[in-house]
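Down below is the structure, laid out as C-alpha cells.
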Amino acid sequence: MTQSKARTLVVCGHGMVAQRFLEELTTLAPDAYQRVIVFNGESVPAYNRIQLSALLAGDTDEASLVLRPEDWFRSSRIQVHNGEPIVSVDRKRHTVTTVTGRVQHYDTLVLATGSSPARLGIPGEDLENVVSFRDIKDTRNLIAQSQKHQRAVVVGGGFLGLEAADGLRRRGMDVTLLHRGSHLLNRQLDPTGGELLARALEDRGLHILTSRSPIQLLGKDQVRAVQLDDQTLISTDLVVIATGITPNRGLAQSAGLVCGRGIAVNGQLQTSDPDIFALGECCQLDSQTFGLVEPGYQQASVLARHLAGPTQDIVFTPTDIATRLKISGIPVFSCGLQTPDDETESLISQDFEHGTYSHLLVRNNQLVGAILVGDASQGPWFQELIANGTNIAPHRALLPFGKQFCQAAA
C-alpha cells in the first residue's frame, strides 16, 4: 500500500464506524493524507444510529443524533459529499466513480458500506407499507406512518424488532410482534429471560407471538394482512421487517475483491487489494461478520493506527461483546455463554415482585456467562469477571447478589 506520502484517502460510507475512524486518524496523524474525501450514501452526515429507537419513540430529536458539527469537518480538512454513493471502483487506475459521474483518484480507499436489512423472501414483500428500520430515512417514514395508521406488525424479536415495536406502540399504534424463535432475543437470553421480557412488554401493551413465522403478506397494492405458518391472518396497515442484516459487499465484488458473506479482510482490515481496506458491518474476518457498533469501533482504532504508521503488530482480534440495552425501560444484559452445557453450573436468582432475573453460568470456578433482565447494574462487574477469568470460589454463593455483597463478605 501507499504509505505516509499518500495524498488522498477516500472513504466510502459515513456511518458511526467510518466517523470514529476519521476521528482516530485525524487525532493520531492529521497530516497522513493531504486530502480526505468521504462519499456518503445517506443524505445526512454520520449520526448516532443507536438513538434511532429513541427518535422513533419520541424521546429525542434529530439534532441530538448528529455526531460532529460541520465546522469539525472543515477544521479537520475532510470533504464530505452527502447523498453521493460510490458506484464503481477502478483498481488499476486507483479511481472511484460516484452516482453523479464524479471520478475521484485515491491512494488509499476505505470501504465502510455497512449492511442492508435482510429480506423475508415471501410473497407480498414488495407491497406498499412493508418497510425496514435501519436508518434515519426509515425512522422518518415510520413516524409518518404512525400518524396515519393504527395497526402494525413487526417481524423479528431481536434488538431492532423490539425497538421498532416499542417505538410504534409509544406512538399510539396497536403492535403485534412476530418472532420465529422460541423466545425473544434468543441469541442473547435464555428461555426464562426471554419469557420474562415478553411478559413485561405485553404488560406495556405489545402483542407478542413467538415460534411463528409469516409465509405471505396480503394486499392489492398496500399490505392489509400477514398470513402466518399456522394459517392465522393478522390484519395490519404496516409491516416492519427487522430480521437481521446482510453485509453490503456488492461494490467490492464488482471491483474484483475477495468476498464471503462480507468483504474479506485480514487483521489490519486490509482486503485482497493492498490499497483497499474495509471495516464495520460490511467486512468479514475469517468466518465472522460484525453487526454491532463496538467491534466496528475496535476496527476503526486498529485501521487508524495502521494507516498512521503501518505496522503488522496492530491487529484486530474479535472479542466477546456484552449486550446492554433497555427496551421500554426494561434493562437487559448478556455476556459470554448463554446456554448451559455438561461442564457448566447455573446460579439463578429471580425476584418475582420486582421482575428481575439473573442467570450466571460457572465453569471450573470461573464465571463464563451472565444473563440479566430487569436489573443490569451488576453487568459491567460480571463482564470484568468473565474477561479476567477470575476465581469466584471465595464468594461463589453470593455472586448472584452482586459485587457489594461479595466484597463485604471478603
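Below, the figures for the structure above:
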read-out	value
Highest to lowest packing among 9-18, 231-240, scored as the average C-beta count within 10 Å	9-18, 231-240
Percent RCO, i.e. relative contact order, over region 85-229, from Cα pairs under 8 Å lying at least 6 residues apart	20
Surrounding net charge for residue 399, when Lys and Arg each add one and Asp and Glu each subtract one, Cβ distance under 14 Å	+1
Rounded accessible area of residue 137 (nearest 10 Å², 1.4 Å probe)	150
Accessible-area composition of the chain, carbon plus sulfur, in percent [1.4 Å probe]	45
Sequence-distant aspartates and glutamates (8 or more away, or on other chains) whose Cα lies within less than 17 Å of residue 137	42, 61, 62, 84, 128, 163
Solvent-accessible area per residue for region 2-103 (1.4 angstrom probe, square angstrom)	51
Kyte-Doolittle mean at least 0.0, axial Cα span of 15 Å or more - DSSP H helices of the chain	16-28, 159-170
Beta bridges by DSSP in the chain, antiparallel share as percent, to the nearest 5	55
Calculated P(r) tail over 26 Å for region 1-131, as whole % of Cα pairs	33
Relative contact order (%) - criterion: Cα under 8 Å, at least six apart; region: the chain	15
Helix-derived mean residue ellipticity, 222 nm - over the chain, DSSP H n ≥ 4, -39500 (n - 2.57), to 500	-7500 deg cm²/dmol
Trypsin sites (Lys or Arg not before Pro) restricted to DSSP loop in region 188-264 with at most 15 other C-beta within 10 Å	204, 220, 261
Alpha-carbon centroids, region 312-385 and region 64-115: separation in whole Å	39
Neighbour-limited loop hits for GluC sites (Glu not before Pro), region 326-399 (at most 11 other Cβ within 10 Å; DSSP other than H, G, I, E, B)	343, 353
Estimated translational D of the chain in µm²/s (Stokes, Kirkwood radius over Cα pairs; 37 °C; 0.692 mPa s)	142
Value of relative contact order over region 271-386, rounded to a whole percent, pairs C-alpha under 8 Å and six or more apart	17
Accessible solvent surface per residue of region 171-231, calculated while the other protein chains remain in place, 1.4 angstrom probe, Å²	50
Sparse-neighbourhood loop sites, chymotrypsin sites (Phe, Trp or Tyr not before Pro) in region 315-410 - DSSP loop, at most 11 other Cβ within 10 angstrom	352
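The values are calculated or read from the model by the stated rules, or taken from the named source; none is laboratory data. Keep in mind that this is a model prediction, so the values were computed, not measured. Neighbour counts run over all protein chains shown; Cβ positions are idealised from the backbone, glycine included. Keep in mind that these areas ignore ligands, DNA and RNA; they rest on the heavy atoms of the full protein, side chains included. Shrake-Rupley method; radii C 1.70, N 1.55, O 1.52, S 1.80 Å.
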